[in-house]
Amino acid sequence: MSASSDQRKGGCCGCIFSLGLSAFLMWLWIHTSDPRCSIQTLSLPSLNGASNITADPTLSLTLRLVNPNQLKGIQYDPLNVTVYDFPNKSNVIGNILMPGFYQGYRKKASKLGQGTANMALALRAVSDNGTGVFRVDMATAVKFKTVLRYSKRHRIRVGADVMVNASGVKVDPKGIRLRSMAPKMESSWVVLGALVNFLVFTLLDFW
């Protein structure tokens, strides 16, 4: 095997690596995922008895937000949380407005918010043993930040059903994921597929 052949193969390997790295970085640059949102805590005044209509009506909730993106920060508009008395959203129990904030890439954040609950409606939503299922929706808008610029504003609406016990506390000790029924953002897998095809055909030209 001649030295020129070895040099050609070495140059080909270096080019393969460079093309692969470029494709991967391009995919990271294009790929965008919505933040993952979950309810960590939810508390109402005690739901055990009609006398609690006059109790402290504070509604408290903790949201956990995760930015899953590798190379993009997220700028949140104010987070608007609405709690309904039934999963079919027949009446509003209360609203919580949390201030907007910036979240770096791959970062996690917990946000505590408080509002005033309509206890008359809340007590009508519970069963005889004092437990009830409530609907929690969260709406906001986000902009994704790259090194050069911010993206256009992207609206997010997510929600989940939450069971609360007679003490007014969320039953599930784990976080409850807020999910969206809206169409997903355009997938970057299509772009990645095009990049892979380009890489494959480029490599074939070398051989």
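Only one entry in Lys170, Lys145 is farther than 16 Å from Asn67 by Cβ, of a type outside the set (A, V, I, L, M, F, W, C) and more than 13 Å from the chain's Cα centre (by Cα), namely Lys170.
Of the set (1) in contact (Cβ under 8 Å) with a residue 12 or more places away in the chain; (2) open to solvent by 10 Å² or more (accessible area, probe 1.4 Å), all apply to Ser90 but (1). Among the residues making up region 98-151, those that are assigned to a helix (DSSP H, G or I) and either closer than 19 Å to Thr32 by Cβ or open to solvent by less than 20 Å² (accessible area, probe 1.4 Å) (or both) are Met119, Ala122. Ile93 meets the stated requirement of being touching a Leu at 6+ places or on another chain (Cβ under 6 Å) and in a strand (DSSP E or B). Residue count for region 64-86, restricted to those that are in a loop (DSSP other than H, G, I, E, B), under 13 Å from the mean Cα position of the chain (by Cα) and among the polar types (S, T, N, Q): 2.
The values are calculated or read from the model by the stated rules, or taken from the named source; none is laboratory data. Keep in mind it's a predicted model, so treat the numbers as computed, not measured. As a convention, Cβ positions derive from the backbone with ideal geometry for all residues, glycine included, and neighbour counts pool all protein chains shown. Accessible surface is based on the protein model in full, side chains and every heavy atom, while ligands, DNA and RNA are left aside. Shrake-Rupley method; radii C 1.70, N 1.55, O 1.52, S 1.80 Å.
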